[in-house]
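First the structure, in the form of structure tokens, and then the observations on it.
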């Protein structure tokens, strides 16, 4: 019975490689990849060797209703589709979304999206575009993108962590993406790092990685540390609403002590979470992706240091922490588009 | 390239099923399974349908030197081997051991064993017995045993957690055991649950699951809570060295408040760790195994409660917590013995 089980990823690569090695142009030569995020949604038309030919973006958060979101997505994408030669050139659509379920195509209880409950996203998109749609978790899509075109090329065991509006993760083991029993594996952002720690407004849980290492998390850390600190800091003159990892970075490279402390604190918590992930699935590398990684060594150094400190000996000095080389959002768009080549029709 | 990668577990089951379905008695019809633990080492001679025909046990911890351990293991096992018809009847040996590395057959830096550093255990056993030896992590062996003969029969995504001298785990995803990049995946016991928490004497790290949910951990919790408590308790008259989960259980079923509090505290930490594991790999079930599970609902109820409390909505009320049905240690012996059928020679 074990040999008969569907080997999703193997089959997927089989179809992908088969497709990539074919030089005959068939109907549906492009795939659409959509990276649905808490703030914005990016999309691209991708050819079968991973070039993003056309791309665009709309706001996610301004749409209180999923239907108006789908409408705007269609209106914007149809322009790109026509640029690419019309809908007949498109084989299908792949979507990466927070809490996206690969098995049933639903987004389920995503704390960082405007739409609550269960959203049958794949069905809604399929009905609108009259194209086959495959959905997965946003970080899973990014992991597939990294494995095919990015920093994880050739790796069989790695963890992709997206540090954006939320914190997502995609776990690859034995060369396969881990979907878990129900399609929701890889919610590393919601694991509890500091019991009874900071409240997460979306989930109501305390002390999750996301409540510290997301964009919002870094902002809250900055606000807290500014309030507690009696020392001078460039950050004290910044409006609270403008505080983000970019502003903190600008202060930190000028040597601002408080700004450095914000990265140290964030890296301490991220490093602890990475250590726990390493002791769980023992990856060759952890690929980080997203806004926070732009701070470079300011965040990577403390993250590495605290990861190593929390690892037991057998894991020490083995695991690479890498930053995605792919253009911002391309990993998820490419990964989502790659899902299309395994679609049966 | 992805299709060419070795599908270890699939191949293993192929050989296993092939072997099991064969009615022709061939040379080497039995397998030896060894469960090497921090306190004791259990072993059994197992037939090809999972019956433990002969079994025995020796002390691990009394052997400061690995060589005297191997000698005693041989002396005891050779008696069983002769009972089973002699060494020619044995196909090979499978060993489950803490920090056992499936890829190279070494035990590496096991904090709960008397032997430090890297121990080439598979090689030492192979040289002594003149039989092929396969080694894996003890909890991985138990997970294989549960998947084949126990509570996880037919499951493709589950986590096995052994609550013994140490706390080990074996993670199965997509029907495959997760070994990780270096063979060390599944060290859930060493993940940090309480940052800056209780010191683990073996690893020097603070706040790991093992420092609370192992046999030693429960004992330390009992000692701490007894010292802090001003109320009467049956446990206050127990000698510190005799305190273990059995003694605490006996007091708890008599309604002893402090004893109940020890299980509540342990379950709170175990439940948090399970929640984090669930959000990582989204298993269908978690199978618990070992001494602590004998406390039944006294430990399971708080563990379930705190696991659910820490899960985000999408994971709630989905994941079973099951206790192994297999006879104490049989899971690991059976799982270790199952490794033998995939040996090539």
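We did not get these values from a lab; they are worked out from the coordinates using the rules stated. Since the model is a prediction, treat every value here as computed from it, not as a measurement. Quick reminder, even Gly has a Cβ in these numbers, built from the backbone with ideal geometry, and neighbours come from all protein chains shown.
A few remarks follow.
- Once the Cα atoms are used to define both axes, helix B:8-20 deviates from the longest principal axis of chain B by about 60 degrees.
- The convex hull drawn around the Cα atoms of the protein assembly as shown, when projected onto a plane and averaged over every direction, covers 32.5 nm².
- Virtual spin-label span in nm between residue A:104 and residue A:76, 7 Å along Cα→Cβ: 2.8
- Cα long-axis angle, helix A:297-310 against chain A (0 to 90 degrees, to the nearest 10): 80
- Radius, Kirkwood style, for the range B:89-146 when every pair of distinct Cα atoms is counted (Å): 11.5
- Linear extension gain, residue B:327 paired with residue B:123, 0.36 nm per residue minus alpha-carbon span: 70.5 nm
- The per residue volume of the convex hull around the alpha-carbon atoms of the range A:146-241 is 146 Å³.
- Computed from Cα atoms, the angle from the helix A:257-281 axis to the main principal axis of chain A rounds to 50 degrees.
- Take the Cα radius of gyration of the range A:200-272 and divide it by 2.2 N^0.38 Å, N being the number of residues; the result is 1.07.
- Taking the average, over residues, of other Cβ atoms within 10 Å as the packing measure, peptides B:32-41, A:63-72 rank B:32-41, A:63-72 from highest down.
- Residue B:130-residue A:242 pseudo-label distance in nm [points 7 Å out on the Cα-to-Cβ vector]: 8.2
- Counting Cβ atoms of other protein chains within 10 Å of each residue's Cβ and taking the mean over peptide B:152-163 gives 1.
- For residue B:86, inter-copy label distances in nm, listed shortest first [label point 7 Å out on the Cα-Cβ vector]: 8.1
- The label-point distance for residue A:253 and residue B:115, in a model that sets each label 7 Å from Cα toward Cβ, rounds to 5.3 nm.
- When peptides A:217-223, A:49-55 are ranked by their average number of other Cβ atoms within 10 Å per residue, the highest-first order is A:217-223, A:49-55.
- Label geometry 7 Å along the beta-carbon vector: residue A:227 inter-copy distances in nm: 3.5
- Inter-chain Cβ neighbour count for A:307-316, averaged per residue, equals 6 (cutoff 10 Å, partner chain atoms only).
- Comment: the Cα-to-Cβ extended label point of residue A:47, at 7 Å, lies 6.4 nm from its counterparts in the other copies, nearest first.
- From the alpha carbon centroid of the range A:77-130 to that of the range B:126-142 is 49 Å.
- Taking every residue in A:207-215 and counting other chain Cβ atoms within 10 Å of its Cβ, the average works out to 1.
- Based on alpha-carbon atoms, the Kirkwood radius and the radius of gyration of the range B:155-323 give Rg/Rh equal to 0.98.
- For chain A, alpha-carbon Rg and Dmax in angstrom: 20.3, 68
- Looking at the range A:123-169, the pairs of alpha carbons with a distance over 11 Å make up 70% of the total.
- Computed [θ] at 222 nm, helices only, for chain A once each DSSP H run of length n ≥ 4 contributes -39500 (n - 2.57): -12000 deg cm²/dmol
- Ordering of A:278-287, A:142-151 by packing is A:142-151, A:278-287, highest average first (other Cβ atoms within 10 Å, averaged per residue).
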